[in-house]
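This report refers to the structure that appears directly beneath it.
The values are calculated or read from the model by the stated rules, or taken from the named source; none is laboratory data. Everything numeric here is computed off the predicted structure, so don't read it as measured data. Because the Cβ atoms are built from the backbone with ideal geometry, glycine has one as well, and the counts that use them run over all protein chains shown.
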Amino acid sequence: MVVLQAMAEGDLGVSMQGSYEGDYAVMQQAINSTVQAMHQLISEIVTAADQVAAGAQQVSEGSMSLSQGSTEQASSVEELSASLTQIAAQTRQNAGNASQANSLANTASDDADRGNSQMQAMLDAMNEINTASANIAKIIKVIDDIAFQTNILALNAAVEAARAGQHGKGFAVVAEEVRNLAARSAEAAKETTEYIETTINKVTGGTGIANETAESMQKIIGEITQVAELVSQIANASNEQASGIAQINQGIDQVSKVVQANSATSEQSAAASEELRQQAQYLTDNVRRFKL
């Protein structure tokens with residue numbers, strides 16, 4: 001009875017001593033075997049409970065650390081996503097600006113082509129002016145020759161009128177007027193020739209300037225065409241970059257969702273591990289009331 005009372009109080013370090021016979025000997029052996037089995041079982045339970053508590057503590061700490069890391073990763077991913085969104089917006093804006101610049105470059109190229117055509121038309125007109133001026137100069141030369149010949153004829157007529165005496169006075173007046181007219185014609189032809197020569201010189205100088213301007217226009221057109229091609233390539237590259245960044249941003253959004261899910265799972269795992277640790281501790285506390 002003493003052994004059974006001790007077992008009931010949780011003392012498993014007792015045993016039934018003495019020498020018994022018959023049913024008492026069987027009872028002694030059964031009681032001692034039961035005490036020994038319970039001692040072994042409680043020892044194993046205590047050891048297992050301690051291991052479970054220690055493992056649960058490690059899992060809880062690891063889950064909390066993983067949860068904290070996942071939270072920091074989620075924050076970093078959100079910041080990265082925001083930065084990529086801003087970069088994508090700037091890239092799209094750059095692509096739009098490049099497209100607008102390409103349109104302006106094409107417009108400038110068209111304007112330069114029109115200007116070059118107008119410059120060529122002006123050169124053609126100036127060449128025609130040169131040709132017309134040369135023809136006028138020839139005509140003025142004929143007029144000057146006619147005036148010279150007329151002046152000679154007038155002089156001859158005046159001589160003949162003087163020889164005629166009284167009868168040649170009227171003819172002398174006419175000859176004088178013809179001579180004066182020839183002189184004025186020669187002077188006018190001379191002045192006109194000077195004007196035409198000045199005009200030809202100016203037209204020649206203007207033609208040289210126009211030719212240089214036309215060459216510069218050709219160079220400008222070529223450079224504008226190259227700029228337009230480069231800007232077009234930049235616009236295409238910017239659009240491709242914007243599309244690529246958008247795809248990357250979508251991938252990061254998916255990663256962010258996974259990280260957030262991992263963080264939530266880690267928190268749940270940490271909570272479950274802590275609950276398991278508490279239960280193991282509770283089991284250990286209850287088992288330790290037995291004296292081994």
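Only one of the listed residues (Gln247, Gln241, Gln218, Gln254) is under 28 Å from Glu78 (Cβ atoms), in contact with a helix residue (DSSP H, G or I) (Cβ under 9 Å, 6 or more places away or on another chain) and either touching a residue at least 40 places away in the same chain (Cβ under 8 Å) or not hydrophobic (A, V, I, L, M, F, W, C) (or both). That residue is Gln241. Among the residues of the stretch 43-97, those identified as of a type in the set (Val, Ile, Thr) and touching a residue at least 40 places away in the same chain (Cβ under 8 Å) are Ile45, Val46, Val52, Val59, Thr71, Val77, Thr85, Ile87, Thr91.
Residues of the stretch 47-91 being of a type in the set (A, V, I, L, M), more than 30 Å from Ser243 (Cβ to Cβ) and touching a helix residue (DSSP H, G or I) at 6+ places or on another chain (Cβ under 6 Å), which ones? Once the filter is applied, which keeps residues that are of a type in the set (A, V, I, L, M), more than 30 Å from Ser243 (Cβ to Cβ) and touching a helix residue (DSSP H, G or I) at 6+ places or on another chain (Cβ under 6 Å), the stretch 47-91 yields Ala49, Val52, Ala53, Ala56, Val59, Met64, Leu66.
Table: residues versus (1) modelled with pLDDT of 80 or more; (2) more than 30 Å from Ile234 (Cα to Cα).
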{"site": "Leu41", "(1), (2)": "yes, yes"}
{"site": "Ala49", "(1), (2)": "no, yes"}
{"site": "Ser70", "(1), (2)": "no, yes"}
{"site": "Gln73", "(1), (2)": "no, yes"}
{"site": "Leu80", "(1), (2)": "no, no"}
{"site": "Ala98", "(1), (2)": "no, no"}
{"site": "Asn102", "(1), (2)": "no, no"}
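For the stretch 1-26, the set of residues classified as among the charged types (D, E, K, R), at pLDDT 70 or above and assigned to a loop (DSSP other than H, G, I, E, B) consists of Glu21 only. Within the set Tyr282, Tyr195, the sole residue that is aromatic (Phe, Trp, Tyr), under 30 Å from Ile129 (Cβ atoms) and part of a helix (DSSP H, G or I) turns out to be Tyr195. Taking the stretch 232-265 as the range and being of a type outside the set (Val, Ile, Thr), buried (at least 16 other Cβ atoms within 10 Å of the Cβ) and within 22 Å of the chain's Cα centre (by Cα) as the test, the residues that pass are Ser232, Ala235, Ser238, Asn239, Gln241, Ala242, Asn249.
Considering only residues in the stretch 189-214 that are surrounded by 12 or more Cβ atoms within 10 Å (Cβ to Cβ) and without any contact (Cβ under 8 Å) to a residue 12 or more places away in the chain, the one that is nearest to Gly115 (Cα to Cα) turns out to be Lys202.
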